[in-house]
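Take a look at the structure set out below.
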Amino acid sequence: MRALLSPESSSLYFTAINIVSRDPNPCRSRTSLYFLKRDCGCRLIRRKPRSTAVKAVLDSATIEELGLKESDMRNPAISSTYRRSMLPKPNQTVLEAQARICTGPTQTRPLSEEQAFKVLDTILRSVRGELKDEEQVSKAQIGAFFAGMTIRANSFPEETQWSEGERRAMNLFWPLLLRALPPDVIFIADPEGSIMGLGNSVGPQFIGNGTTEMRLVGALREILAGGHLGYEEVQGVLKDVLPLKIEDGKSTGVSESLLSAFLIGQRMNRETDRELKAYCLAFDDELGPAPVADVSSLTHYGEPYDGNTRFFRSTLFVAAVRSCYGESSLLHGVEWMPPKGGVTEEQMLNFMGANTNLSLHQAKELIEDEEVGFAYISQREARPSLYSLIGLREHIKKRPPLATTEKVQQYIRAKGKDSIVAGFYHEGYEEPLLMLMKRRGVHSGLVVKGEEGALSMTTRLRSASTSKGFPVNYCSGFRSVGKETACKEDGVSHQSFRLEVNAMDYGFKPTDTPRTDRSVSKNIELGLAALHGQKGPAYDRIVLNAGIVDHLLGCDGAEDVTIALDRAREAIDSGKALKKLLNYIKVSHKLK
């Protein structure tokens, strides 16, 4: 990264050191930014890739003591290296098939005969024990694959049901699979004994092992038929099976095949509002009541947890800007999440040396601290039950219902006004997201179709070849008002709005979005340069996203969008926003 000037109020500069942690999770040990007092300016020194840095400071005995492998010695600047190395990898042949068939009624792409033969042969050889290590097909993969096939056969439109090639392949392999597959998978593949035409009695008679699986199997019978569940039924299953307990790579509780079929099946059937509410609220009380921060305003930012793989992700820097004028923010997410495995806020904060293992009460302290004013909380700390599913989610391949509802969590409440902002990509999920926000009783809510389905609105020109659906920069939301014309829901009067934000209308010049291509360090470099006042696409995006969000949420002092944008610029140009970010990194390590 090139040298960056610091604000006059800061006498810190970054330098690279190697921090070797004896954390039992070795892949979390990584090069970190470290602050040293200097009277001179602030410069950011390029760091060595971790593969070189770690080897330089660890002898072979220490490496063996820490249990590190060569695969753990990775460059932490690339988002894909943040995947935990102890997670077993899925079989790629079956995963590619899941990407085609474990999706919605209109998006599914049936397999060709050749593809279906290859997938079924892979599954058969795996359950016979003929495949080893990463070639093995996991129970979660098998459960998701056969759930997709069953739901398509039972309830999908004709064009996305089984192709002739799939049927021929299944007719050949099913007699062999029937003798090799465990009963839970046979149930998923043919729950009523009617799909395969061989008079299978295992599926109709299967009830599961123990009360937990019995409840899950009962729910799955409805899902596999293309049906839906009630609020209490979904919550009951989730609370029964989570957190998922894994020992030696295997679940010690519920069958992974059944659970993955449940999760992907509900997404394929297009969740109802009551099902989404169940997923959203199921674990609100997992760690007790939400702490209440003594602030006048608090905005929860719900970015997609699986990160950005192509474009600049601006929300961390937007939070620093908004904190300068009393708009507190809480960011939440994970270090790494499938299916995209892109750049996340946790990766950026880790890379800059911040503490990302904060409890909810520690995050509350950062939000209340006038020198900081925002915080990040990891799902690992806030919702352990949901975090336990990351490995399973990689093997499901497609996003489960949780990918929608985790963006609308409310980990901390404000004494003043609460707001939620969430990103979306697929048309049809904007209204359910707003419904969940209203269900939480927040004063204002906003959904944004940013780039990559994230929250970053862009200043680039809209493409003339834009496909169907909402364009990038589409926003929809509500804010609390006292007007009689507003609608009333959950006891709060709301004024709804929807619009497409055209950055040129607010004086921004059209610019292409900065690409980061999974580079954590590149994302940080762009953001820090912008907070140093360097004008350009990244600077414009931070200002645009801070000012427009303030205006749309109805924040104090942002009634005029021009004024809202100007105060965001002032927060950057004065150096205040950069100082807030530096303070966050320092203070996060001092909390007890």
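The values are calculated or read from the model by the stated rules, or taken from the named source; none is laboratory data. Please read all numbers here as calculations on a predicted model, not as lab measurements. No Cβ is skipped: glycine too gets one built from the backbone with ideal geometry, and neighbour counts run over all protein chains shown. What goes into the accessible areas is simple: the full protein's heavy atoms, side chains included, and nothing from ligands, DNA or RNA. Shrake-Rupley method; radii C 1.70, N 1.55, O 1.52, S 1.80 Å.
Here are the numbers:
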read-out	value
Pairs where the first residue, in the stretch 168-183, is among the charged types (D, E, K, R) and surrounded by fewer than 15 Cβ atoms within 10 Å (Cβ to Cβ) and the second is assigned to a helix (DSSP H, G or I) and at pLDDT 95 or above, C-beta under 7 Å, 6+ apart	Arg168/Glu113
Thr511 being open to solvent by 20 Å² or more (accessible area, probe 1.4 Å) and part of a loop (DSSP other than H, G, I, E, B)	yes
Hey, Arg128 under 23 Å from Leu259 (Cα atoms) and not small (Gly, Ala, Ser) or not	yes
In the stretch 212-249, the residues that are open to solvent by 30 Å² or more (accessible area, probe 1.4 Å), under 18 Å from Pro183 (Cβ atoms) and touching a residue at least 24 places away in the same chain (Cβ under 8 Å)	Thr212, Arg215, Arg221
First in the stretch 425-441 and in the same structural domain as Tyr411 (by the TED database), second anywhere and part of a loop (DSSP other than H, G, I, E, B) and of a type in the set (Phe, Trp, Tyr), Cβ under 7 Å, 6 or more apart	Glu427/Phe470; Glu430/Phe424; Leu433/Phe424
Residues of the stretch 82-102 that turn out to be open to solvent by 30 Å² or more (accessible area, probe 1.4 Å) and of a type in the set (S, T, N, Q), as a count	3
In the stretch 307-326, residue least open to solvent (accessible area, probe 1.4 Å) [restricted to those that are assigned to a loop (DSSP other than H, G, I, E, B) and under 18 Å from Leu552 (Cβ atoms)]	Ser314
From the options Glu452, Glu406, Glu431, Glu427, residue that is over 20 Å from His494 (Cα atoms), open to solvent by 20 Å² or more (accessible area, probe 1.4 Å) and outside any loop (DSSP other than H, G, I, E, B)	Glu452
Test set (1) in contact (Cβ under 8 Å) with a residue 40 or more places away in the chain; (2) in a helix (DSSP H, G or I); (3) surrounded by fewer than 22 Cβ atoms within 10 Å (Cβ to Cβ) - Glu381 fails condition number	(1)
Residues of the stretch 73-109 that turn out to be over 20 Å from the mean Cα position of the chain (by Cα) and over 15 Å from Arg393 (Cα atoms), as a count	12
Matching residues in the stretch 136-154 - criterion: being of a type outside the set (A, V, I, L, M), over 27 Å from the mean Cα position of the chain (by Cα) and open to solvent by 10 Å² or more (accessible area, probe 1.4 Å)	Asn154
Flag if Ala546 is at pLDDT 95 or above and touching a Lys or Arg at 6+ places or on another chain (Cβ under 8 Å)	yes
Residue match in the stretch 547-563 (condition: surrounded by fewer than 18 Cβ atoms within 10 Å (Cβ to Cβ), assigned by the TED database to the domain that holds Asp369 and on the phi > 0 side of the Ramachandran plot)	yes
Val334, sole failed condition from (1) in contact with a Phe, Trp or Tyr (Cβ under 6 Å, 6 or more places away or on another chain); (2) surrounded by fewer than 23 Cβ atoms within 10 Å (Cβ to Cβ); (3) in contact (Cβ under 8 Å) with a residue 60 or more places away in the chain	(3)
Unique match (being more than 29 Å from the chain's Cα centre (by Cα) and crowded, with 20+ Cβ neighbours inside 10 Å) among Ser112, Ser126	Ser126
Checklist (1) buried (at least 16 other Cβ atoms within 10 Å of the Cβ); (2) under 23 Å from the mean Cα position of the chain (by Cα); (3) under 22 Å from Ser419 (Cβ atoms) applied to Asp273, failing item	(1)
